[in-house]
1. Read through the list (1) open to solvent by less than 50 Å² (accessible area, probe 1.4 Å); (2) at pLDDT 95 or above; (3) among the charged types (D, E, K, R), then give the number of the only condition that LYS130 fails.
2. Is it fair to say ILE164 is more than 16 Å from ALA71 (Cβ to Cβ) and either among the basic types (Lys, Arg) or surrounded by 15 or more Cβ atoms within 10 Å (Cβ to Cβ) (or both)?
3. What are the residues in region 128-153 that are of a type in the set (S, T, N, Q) and either within 20 Å of the chain's Cα centre (by Cα) or outside any loop (DSSP other than H, G, I, E, B) (or both), if any?
4. Can PHE339 be described as touching a helix residue (DSSP H, G or I) at 6+ places or on another chain (Cβ under 8 Å) and either outside any loop (DSSP other than H, G, I, E, B) or among the charged types (D, E, K, R) (or both)?
5. List the residue pairs whose Cβ atoms are under 7 Å apart, where the first residue sits in region 116-127 and is part of a helix (DSSP H, G or I), the second is open to solvent by 60 Å² or more (accessible area, probe 1.4 Å) and among the polar types (S, T, N, Q), and the two are 6 or more positions apart or on different chains.
6. Could you check region 201-242 and list, in sequence order, the residues that are under 19 Å from the mean Cα position of the chain (by Cα) and of a type outside the set (Lys, Arg)?
7. Quick one: which strands (runs of 3 or more DSSP E) sit completely within region 175-235 and have at least 2 residues that are among the basic types (Lys, Arg) and out of contact with any helix residue (DSSP H, G or I) (no Cβ under 7 Å at 6 or more places or on another chain)?
8. Select from region 280-312 the residues that are closer than 20 Å to SER331 by Cβ and crowded, with 20+ Cβ neighbours inside 10 Å and list them in ascending order.
Amino acid sequence: MAEPTTTTTGNGTILPSYDEAGSTVAAIAQAGTISADEIALYDRQIRLWGVHAQEKIRNANILLISIRALANEVAKNLVLAGIASITLADHEVVTENDLGAQFLVSDADIGKNRAEAAAPQVRKLNPRVKVNVITRDLRPEQDPNFYTPYDVIIATDLDFLGLINFDSVATLANRPYYAAASHGFYGYIFANLISHDFVVEREKSNRPTLLAAETVTRSVLGTATKKENGKAIEMVTKRETYCPMLAAKDSPLSRDVQSNKRKLRKVHPLLTCIRALWEYQYKSLGIFPTHSHADLEAFTQMATNKHKDLFLPPETLKADFMRSFLQNLGSELAPVTAFLGGQLAQDVINVLGKREQPIQNMMLFDGEDSSGPIYTLNPLNFPEEVLCAIPANPTVPMTATVTVL
């Protein structure tokens, strides 16, 4: 890293900068869009992802639903990044079970509303960020206008019916949506950004970049070139198209994986188990399978079917892994929630700044082997003849009940 220097603004304020970014910091200061102390506070971030991205981050309002260990990590990372506000929404109260992996609450908070209990600690992380609290159950809130003031909506550790409920209203409000959950050593992040444009910067190649589809979900919209440190840097604008979470439940893997036996063998069995759990909850069989023979048999059959639906080799879904997955359901481990929370928050920051490839659309994490594969689950991966038979607007059954995990 270059040695730090200083940049002086027109009013005499001295700001930290680096040789590579000094002109950028000076331009920020002169434009007056971000205050001098904010530049000093977020100097590292500004040099990492640029002033325009930081400007969008500092104006962002985030809705975070269900405040458990994973949400603690998400809130921490976003607040420290300097967003404008975060709204913590939770109608449940703190219990002894919340004290294991959650660092925003303590023994003294038992019996208090989870969002209200966490808010003071969130405010301490960054006093510049406004922290709001909602203590009512948001699941009955179906008015898209309620959600439009938020730039990103995140729901964590809800059952599948709860997650697709918020996915639906976020889509109606035209807002990016993330669903995530942790289960002991395991967890996942699902993203539905509807349609998202972003810029990837890379050294310009001699081969021209084609303005065309790269995958069934991603296309190149345009290019631009700039000079940086004597090199020609190409800025490629791309667009990712997403699908609802309910559609992802039964969608196939990307076509390049479907057609490659070696890649199919490497698909993590956690994907099968997560989708089987979604199916179990979608059919209102319960939150988690119990240890009863009937529940275990039902889940095993669902997992076997989901594995077949993805054309995965039967031998890659082992009984030992399914047993471990079931034993971990409902538990929280701090290292796992820290990883997932960090990844989710980083993706939100990239989305706000419209930089880098976002998650498309399912990221898994297995804390036992420290793997974090990403899979694209989208109806567009089906063959054309199958696409014609898929309903255009799948909905949540009106009789379904939604449960907080």
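1. For LYS130, the failing item is (1).
2. So ILE164 passes the test.
3. Within region 128-153, ASN132, ASN145, THR148 qualify.
4. Working: touching a helix residue (DSSP H, G or I) at 6+ places or on another chain (Cβ under 8 Å): no; either outside any loop (DSSP other than H, G, I, E, B) or among the charged types (D, E, K, R) (or both): yes.
Spelling it out, it is not the case that PHE339 is touching a helix residue (DSSP H, G or I) at 6+ places or on another chain (Cβ under 8 Å) and either outside any loop (DSSP other than H, G, I, E, B) or among the charged types (D, E, K, R) (or both).
5. Matching pairs, first to second residue: GLU116/THR135.
6. Across region 201-242, the qualifying residues are THR217, GLU240, THR241, TYR242.
7. It comes to 218-228.
8. Correct list: TYR280, GLN281, PRO289, PHE299, ALA303.
The values are calculated or read from the model by the stated rules, or taken from the named source; none is laboratory data. What you are looking at is a predicted structure, and each value in this text was computed from that prediction instead of being measured. Neighbour counts are summed over all protein chains in view; Cβ atoms, including those assigned to glycine, are modelled from backbone coordinates with ideal geometry. Accessible surface is based on the protein model in full, side chains and every heavy atom, while ligands, DNA and RNA are left aside. Shrake-Rupley method; radii C 1.70, N 1.55, O 1.52, S 1.80 Å.
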